[in-house]
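Visitor: Quick one: structure below, then a few questions.
Since every read-out is calculated from the coordinates, none of them should be taken as a lab result. Bear in mind that the values here come from a model prediction, so they are computed numbers and not experimental data. Neighbour counts run over all protein chains shown; Cβ positions are idealised from the backbone, glycine included.
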Amino acid sequence: MKKYIYTLLATLPFIFLAGCSKENSPLPVDKGLAGEWVLTSWNGTAPGKDFGVYMELADNGNFTLYEKVVTPAYVRYSGTYTADGSTFSGTYSDGRPLNAVYAYEIDDSGNTLTMTAGGTVEPDVCIYTRTSIPEDVLSAPDAAATKAGSEGRRFL
């Protein structure tokens, strides 16, 4: 019996440490969102050549946003998001929250994502189409490296 108690006592610290390990728990995300998207409609209007948004959503809850909204060229933002049920929210890597909490829906084909900003009189409706982000957009500088990108209004 003593041998059993000593064995149990000897293994308790290892059991405790295994249970208390600081493992990064993934954020709740809808796996259907994972992939690369391009904004194809904003409030019923297609973006022009001076306005564009690409978004990469990883299935681990990280996002990268490439936007040409208040700058003449694309700038890159990143952060984390959660997508649970039909609600999309998140935080940029500098700690700023996204502009809104969005209701989202993916069509049956999995190729069209509709995001609607909540809490406004006339909600913003953004429609994204699954795509591959062009190489020149992927090489966009980080927004923190550009004054306009770090101070300007962010699309999401």
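Visitor: Beyond 20 Å, what share of the Cα-Cα pairs of the range 33-97 remains, rounded to the nearest whole percent?
Guide: 32
Visitor: Just to be sure I understand the model, the point goes 7 Å from the Cα along the line to the Cβ. What's the resulting residue 45 to residue 122 distance in nm?
Guide: 1.0
Visitor: May I pose another question? Hey, with R₀ at 30 Å, roughly what FRET efficiency would residue 70 and residue 105 work out to, going by the Cβ-Cβ distance, to 0.05?
Guide: 0.60
Visitor: Separate question: Place a +1 charge on the Cβ of each Lys and Arg in the range 31-150 and a -1 charge on the Cβ of each Asp and Glu, then give the dipole magnitude about the Cα centre in debye, rounded to the nearest 20.
Guide: The calculated dipole for the range 31-150 is roughly 280 debye.
Visitor: What does the charge count near residue 32 come to, summing +1 for each Lys or Arg and -1 for each Asp or Glu among other residues with Cβ under 13 Å from its Cβ?
Guide: Taking every other residue near residue 32 into account, the sum is -4.
Visitor: Another question, then. Enumerate by residue number the trypsin sites (Lys or Arg not before Pro) in the range 45-77 meeting two conditions: DSSP loop (anything except H, G, I, E, B), and at most 15 other Cβ atoms within 10 Å of the site's Cβ.
Guide: Those satisfying the criteria are 49.
Visitor: Between residue 87 and residue 112, what is the label-point separation in nm under the 7 Å Cα-to-beta-carbon projection?
Guide: About 2.6 nm separates the two model spin labels.
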